[in-house]
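Structure first, commentary second.
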């Protein structure tokens, strides 16, 4: 699920202030502490090979975020594909992979425990490939 800034309904729209609100934007029920994350991904970065070995070869942490710049393609285990671009708010439910089409800067908010499992798995996958 993603939505561009201009598609988010304005709850308050007065001279000098606009407050846009996207309701029902993912569900954090049952998750513990959240982490705030800033990612810089070069064009061509594809995390799919790094997720091999996880359930369905996918990340199972939900993410809420904002595309500062760039373009990402998100592929879900149910076969759906989404493209996120600059100024999009997004929610990626569990069961996804990400590929960067253009150099991208994003901010994510993710459940710490679930995302740490995926990040640790990716770090292990990179051993011997990239100097960490």
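Where residues in the range 53-76 are in a strand (DSSP E or B) and in contact with a helix residue (DSSP H, G or I) (Cβ under 7 Å, 6 or more places away or on another chain), which of them is surrounded by the fewest Cβ atoms within 10 Å (Cβ to Cβ)? So the residue we want is 54. The residues on offer are 22, 10, 43, and the sole one that is closer than 18 Å to residue 87 by Cβ, over 14 Å from the mean Cα position of the chain (by Cα) and exposed (fewer than 13 other Cβ atoms within 10 Å of the Cβ) is 10. A single entry from 97, 104 fulfils the requirement of being in contact with a helix residue (DSSP H, G or I) (Cβ under 9 Å, 6 or more places away or on another chain) and in a strand (DSSP E or B): 97. For the criterion of being at pLDDT below 90, exposed (fewer than 13 other Cβ atoms within 10 Å of the Cβ) and either within 10 Å of the chain's Cα centre (by Cα) or in a loop (DSSP other than H, G, I, E, B) (or both), residue 79 fails. Looking across the range 82-94 at every residue that is outside any strand (DSSP E or B) and in contact (Cβ under 8 Å) with a residue 40 or more places away in the chain, the one that is farthest from residue 114 (Cα to Cα) is identified as 87.
The values are calculated or read from the model by the stated rules, or taken from the named source; none is laboratory data. None of the values given here were measured: they were computed from a predicted structure. Here the Cβ is made from the backbone with ideal geometry for all residues, glycine too, and neighbour counts use every protein chain on show.
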